[in-house]
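Notes follow the structure.
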Amino acid sequence: MIESLLVANRGEIARRIIRTAKRLGIRAIAVHSEADADLPFVVEADEAVCVGPANPALSYRNVEAILAAAESTGAQAIHPGYGFLSENADFARTVQARGLVWVGPGADAITAMGDKINARNLMAAAGVPVAPGTTEPATDLDAAVAAATEIGYPVMVKAAAGGGGMGMAVAADEAALRTEYDKVRAFAERMFGDGSVLIERYFPRVRHVEVQILGLADGRVVALGERECSVQRRNQKLVEESPSPAVSPELRARFLAAAVRAGEAVGYRNAGTVECLLDPATQEFFFLEMNTRLQVEHPVTELVYGVDLVEEQLRVAAGLPPTFDPDALTPRGHAIELRINAEDPKRFLPGPGVIGTWVEPTGEGVRVDSGYVAGNTVTPFYDSLLAKLVVTGADRAEAIERARTAVAGFAVAGPKNNLPFFAELLTNGDFVSGDYDTGIVGRMR
């Protein structure tokens, strides 16, 4: 097993990785910006190195500063968490070129899945269903209009190099497409340095379902069930649950088989997620993208399948077999994750500030992965995620009831937070019934 691990991330995910590392007897090394010096992940690490100022480009995305920290601390491996450098193929290659262990998929897989058009084409060739869309970038507005006419409106206009719900817009007709195309292209060039645009069929009522895969050290790819991620605002996930209330045993078998084919098509190793759109009317699903990293929502899979995905990531990176029998994976119960963010519960606008009160809920079936404690400052420099409240139950009804109790018992004062939104959601008829789609938040507002 790896003996020392540098965590190239911050907040709750850094703290969560450090927790597993220390449980396994691995020396845990944190890197942090000046703004994060007093956060729990820094305090709880065995060693911590400041890698720059608050600006993430000068700290958490500063490759040379992070590699220098690894060298000075004698780190054997680097875990990138999610976001920042986690899906940066050049960083993965550089880490390995410096003689360090990269806890993640190979750089070639990251590259292959990093471009949405290339990923769609690879998946189609592997027999994974893809939605009608372009097989090459729409290089100008005329090409976009021609593609949309062939596909049929409404269409989704996407940044080919984007991810995490960023760089996307819906066009209901040609007039809207002419407006949105230029916006998406400009955004893509500014954010990703690549203005390539994908045109794809848009489904007005759709569910977002993803499959957790793990590429093992021996070359096999296994699927650890699906997660429902349809509660979203501005294409950003707020709630995840497993198993999906929309997925039957027969549909689940098709989902998992397709996800395994997707992983095998790129020789996938380590943890990853195959994201899909599900048409609830026809039970058809389509490949959306593959996230070549650990997902924010990984705890729901951990709790349903009884595995520690970070431990499994470390074992794969070290060339070790998994702790579980890949041929005998058995899900148990139901898990729901709520993303507690520092944002207004109505408009979802960021609301940073000093945390005056922080009381986490406890009780049977309650887990909180948090990045803060009372007295910390939530700054405007990073993602607004404060904590992940994860609950489990013998079935979905029990999980929802425990989630209601946990939300009521989670006390946060100082920064704005979205706990009131979750209190509302957990009594919403559509959500409670399980018959909801990606438009649920918009209908609640």
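In contact with a Lys or Arg (Cβ under 9 Å, 6 or more places away or on another chain) and of a type in the set (Lys, Arg), is that true of ARG315?
Values: in contact with a Lys or Arg (Cβ under 9 Å, 6 or more places away or on another chain): no; of a type in the set (Lys, Arg): yes.
Against the criterion (in contact with a Lys or Arg (Cβ under 9 Å, 6 or more places away or on another chain) and of a type in the set (Lys, Arg)), ARG315 does not qualify.
To keep it simple, each residue is scored yes or no on (1) in the same structural domain as GLU275 (by TED's automatic domain parsing); (2) in contact with a Phe, Trp or Tyr (Cβ under 9 Å, 6 or more places away or on another chain); (3) at pLDDT 95 or above.
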residue	(1), (2), (3)
TYR82	no, no, yes
LEU85	no, yes, yes
ASP90	no, no, yes
GLY99	no, no, yes
ASP115	no, no, no
ALA119	no, yes, no
LEU122	no, no, yes
ALA125	no, no, yes
THR139	no, no, no
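Any residue at all in segment 63-75 that is part of a loop (DSSP other than H, G, I, E, B) and under 13 Å from LEU6 (Cα atoms)?
Yes: segment 63-75 contains one or more residues that are part of a loop (DSSP other than H, G, I, E, B) and under 13 Å from LEU6 (Cα atoms).
Considering only residues that are more than 26 Å from the chain's Cα centre (by Cα) and part of a loop (DSSP other than H, G, I, E, B), look in segment 161-189 and name the one that is nearest to PHE203 (Cα to Cα).
Within segment 161-189, the match that is nearest to PHE203 (Cα to Cα) is ALA172.
When the residues of segment 190-240 are narrowed to those that are assigned to a strand (DSSP E or B), surrounded by 21 or more Cβ atoms within 10 Å (Cβ to Cβ) and among the polar types (S, T, N, Q), which ends up nearest to the chain's Cα centre (by Cα)?
Residue satisfying both the conditions and the ranking: GLN212.
So the check is Cβ under 6 Å with 6+ separation or different chains; which pairs have a first residue in segment 372-394 that's under 20 Å from LYS237 (Cα atoms) and not assigned by TED's automatic domain parsing to the domain that holds GLU44 and a second one that's surrounded by 23 or more Cβ atoms within 10 Å (Cβ to Cβ) and β-branched (Val, Ile, Thr)?
Correct list of pairs: LEU386/ILE340; ALA387/ILE340; LEU389/ILE340; VAL391/ILE336.
Going residue by residue through segment 361-372, is there one that turns out to be out of contact with any helix residue (DSSP H, G or I) (no Cβ under 8 Å at 6 or more places or on another chain), assigned to a loop (DSSP other than H, G, I, E, B) and surrounded by fewer than 13 Cβ atoms within 10 Å (Cβ to Cβ)?
Within segment 361-372 (the criterion being out of contact with any helix residue (DSSP H, G or I) (no Cβ under 8 Å at 6 or more places or on another chain), assigned to a loop (DSSP other than H, G, I, E, B) and surrounded by fewer than 13 Cβ atoms within 10 Å (Cβ to Cβ)), the answer is yes, since at least one residue qualifies.
GLY99 - would you say it is surrounded by fewer than 17 Cβ atoms within 10 Å (Cβ to Cβ), outside any helix (DSSP H, G or I) and of a type outside the set (A, V, I, L, M)? Spell out the reasoning first.
Numbers: surrounded by fewer than 17 Cβ atoms within 10 Å (Cβ to Cβ): yes; outside any helix (DSSP H, G or I): yes; of a type outside the set (A, V, I, L, M): yes.
The answer is yes for GLY99.
Hey, among ASP435, ASP344, which residue is within 18 Å of GLU240 (Cα to Cα), surrounded by fewer than 19 Cβ atoms within 10 Å (Cβ to Cβ) and not small (Gly, Ala, Ser)?
When all the criteria are applied, what remains is ASP435.
Of the residues that make up segment 246-269, is at least one modelled with pLDDT of 95 or more and in a strand (DSSP E or B)? Explain how you work it out, then say what you get.
Taking segment 246-269 and keeping what is modelled with pLDDT of 95 or more, we get 246-269.
Filter once more, so that each one left must be in a strand (DSSP E or B): none.
Looking for residues that are modelled with pLDDT of 95 or more and in a strand (DSSP E or B), one finds none in segment 246-269, hence no.
Within the bounds of segment 36-46, is there any residue that is part of a strand (DSSP E or B) and either in contact (Cβ under 8 Å) with a residue 12 or more places away in the chain or surrounded by fewer than 16 Cβ atoms within 10 Å (Cβ to Cβ) (or both)?
no
If I filter segment 336-349 for residues that are farther than 22 Å from GLY442 by Cα and charged (D, E, K, R), do I get at least one hit?
no
Let's see how each residue does on (1) under 22 Å from ILE355 (Cα atoms); (2) among the small types (Gly, Ala, Ser); (3) in contact (Cβ under 8 Å) with a residue 40 or more places away in the chain:
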{"position": "SER4", "(1), (2), (3)": "no, yes, yes"}
{"position": "ASN9", "(1), (2), (3)": "yes, no, yes"}
{"position": "GLU12", "(1), (2), (3)": "yes, no, yes"}
{"position": "THR20", "(1), (2), (3)": "no, no, yes"}
{"position": "LEU24", "(1), (2), (3)": "no, no, yes"}
{"position": "ALA30", "(1), (2), (3)": "no, yes, no"}
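The values are calculated or read from the model by the stated rules, or taken from the named source; none is laboratory data. As the structure is a computational prediction, the values presented were derived from the model and not from experiment. Neighbour counts are summed over all protein chains in view; Cβ atoms, including those assigned to glycine, are modelled from backbone coordinates with ideal geometry.
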